[in-house]
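Participant: Please find one structure pasted underneath; my questions will follow.
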């Protein structure tokens with residue numbers, strides 16, 4: 001039997017008008033410490049977002065999601081937060097905030113393959 005590893009994930013949401021508290025799911029971020037895995041993936045359906053909120057600045061939204069992804073990956077141009085360890089980056093990215101890009105509450109689970117689990121959650125909750 002394969003070993004199961006604890007993971008945590010959150011759904012990444014776009015909330016164009018924060019005061020209305022309406023959102024669209026656009027991505028998933030998943031952290032698994034034992035597998036040394038932290039990754040976020042997105043799918044931005046521009047026509048759906050524009051139908052939902054025509055005034056949304058799509059290029060700015062893409063920039064924000066790209067920054068989110070760079071920080072989760074901890075790559076060079078991800079700024080000071082991107083240089084934190086994986087757990088700290090995950091906690092920072094999933095912290096409660098009142099911005100256009102937000103995360104759901106963090107949910108735990110067990111997996112054998114973090115990448116496979118990320119893709120499955122993305123399929124179920126975003127696409």
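Here, each number is a calculation from the coordinates, and none is a lab measurement. Everything numeric in this text was worked out from a predicted model, so none of it was measured. Using ideal geometry, Cβ is built from the backbone for each residue, glycine included, and neighbour counts are taken over all protein chains shown.
Participant: Between region 101-123 and region 77-98, how many Å separate their Cα centres?
Facilitator: Distance between centres, Cα-based: 17 Å.
Participant: Let me ask something else. Angle between the Cα long axis of helix 58-73 and the longest principal axis of the chain, 0 to 90 degrees, nearest 10?
Facilitator: The helix 58-73 is inclined about 10 degrees to the chain.
Participant: Here is a follow-up. Return 43, 84, 9 ranked ascending by Cβ neighbour count within 10 Å, so the fewest neighbours appear first.
Facilitator: 43, 84, 9
Participant: For the chain, just the Cα atoms, rotate onto the principal axes and tell me the three extents in Å, largest first.
Facilitator: Largest first, the chain extends 50, 32, 21 Å along its Cα principal axes.
Participant: Any idea what angle helix 114-125 forms with the longest principal axis of the chain, computed on alpha-carbon atoms, 0 to 90 degrees, nearest 10?
Facilitator: Compared with the principal axis, the helix lies near 30 degrees.
Participant: Let me ask something else. Starting with the fewest neighbours, write out 122, 107 ranked by other beta-carbon atoms found within 10 Å of each beta-carbon.
Facilitator: If I rank by nearby Cβ atoms, fewest first, I get 107, 122.
Participant: By count of other Cβ within 10 Å, fewest leading, how are 89, 97 ordered?
Facilitator: Listing 89, 97 from fewest to most nearby Cβ atoms yields 97, 89.
Participant: Expressed in nm to one decimal, what extension gain is obtained for the pair residue 48 and residue 92 from 0.36 nm per residue of sequence separation less their Cα-Cα distance?
Facilitator: Result for the pair: 13.0 nm of gain on full extension.
Participant: Let me have the 222 nm mean residue ellipticity of the chain computed from DSSP H runs of 4+ only, each contributing -39500 (n - 2.57), with the sum over all residues rounded to the nearest 500.
Facilitator: -10000 deg cm²/dmol
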